[in-house]
Amino acid sequence: QVQLVESGGGLVQAGGSLRLSCAASGIICSIYAMGWYRQAPGKQRELVASITTAGSTTYADSVKGRFTISRDNAKNTVYLQMNSLKPEDTAMYYCRFDRRGTELWGQGTQVTVSS
């Protein structure tokens, strides 16, 4: 059974850090592009960061210099290191795996940043 499970969310003060993890089972992660998305209440889901199978990364302008996406294919896991968090980073964060149009989503992990 294919499953993506996020963890690492929580409540943090502005300026703090969190590290999100997304562990996959039932698939070979090395052949998937991976990404982190977020959705705040009343807003559309947006791409936060992505990483290709070759390790190339892209970031939303709002998180550049603060967030870092990485992957560990041996552990079937993608990470999102979030530093210098701001209240506007508050959202549900989802991981997404993609390969040739087939996409897989996790259930989400809540990140709340207090001012």
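Quick look at the numbers
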{"quantity": "Condition met for Thr77 (more than 11 Å from the chain's Cα centre (by Cα), in contact (Cβ under 8 Å) with a residue 24 or more places away in the chain and either closer than 13 Å to Leu4 by Cβ or open to solvent by less than 60 Å² (accessible area, probe 1.4 Å) (or both))", "calculated": "no"}
{"quantity": "Restricting region 42-61 to residues that are of a type in the set (Gly, Ala, Ser) and open to solvent by 60 Å² or more (accessible area, probe 1.4 Å), the residue that is farthest from Gly15 (Cα to Cα)", "calculated": "Ala54"}
{"quantity": "Residues of region 24-39 satisfying the condition of being buried (at least 18 other Cβ atoms within 10 Å of the Cβ), assigned to a strand (DSSP E or B) and not charged (D, E, K, R)", "calculated": "Ala24, Ala33, Met34, Gly35, Trp36, Tyr37"}
{"quantity": "Selection count where residues are in contact with a Cys (Cβ under 6 Å, 6 or more places away or on another chain) and surrounded by fewer than 16 Cβ atoms within 10 Å (Cβ to Cβ), scope region 92-115", "calculated": "0"}
{"quantity": "Strands (runs of 3 or more DSSP E) contained in region 40-112 and holding at least 1 residues basic (Lys, Arg)", "calculated": "67-72, 91-99"}
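The values are calculated or read from the model by the stated rules, or taken from the named source; none is laboratory data. Nothing here was measured: the structure is a model prediction, and the numbers come from that model. FYI the Cβ positions are ideal-geometry reconstructions off the backbone, even for glycines, and counts take in every protein chain you see. Surface areas here come from the heavy atoms of the whole protein model, side chains and all, with no ligands, DNA or RNA. Shrake-Rupley method; radii C 1.70, N 1.55, O 1.52, S 1.80 Å.
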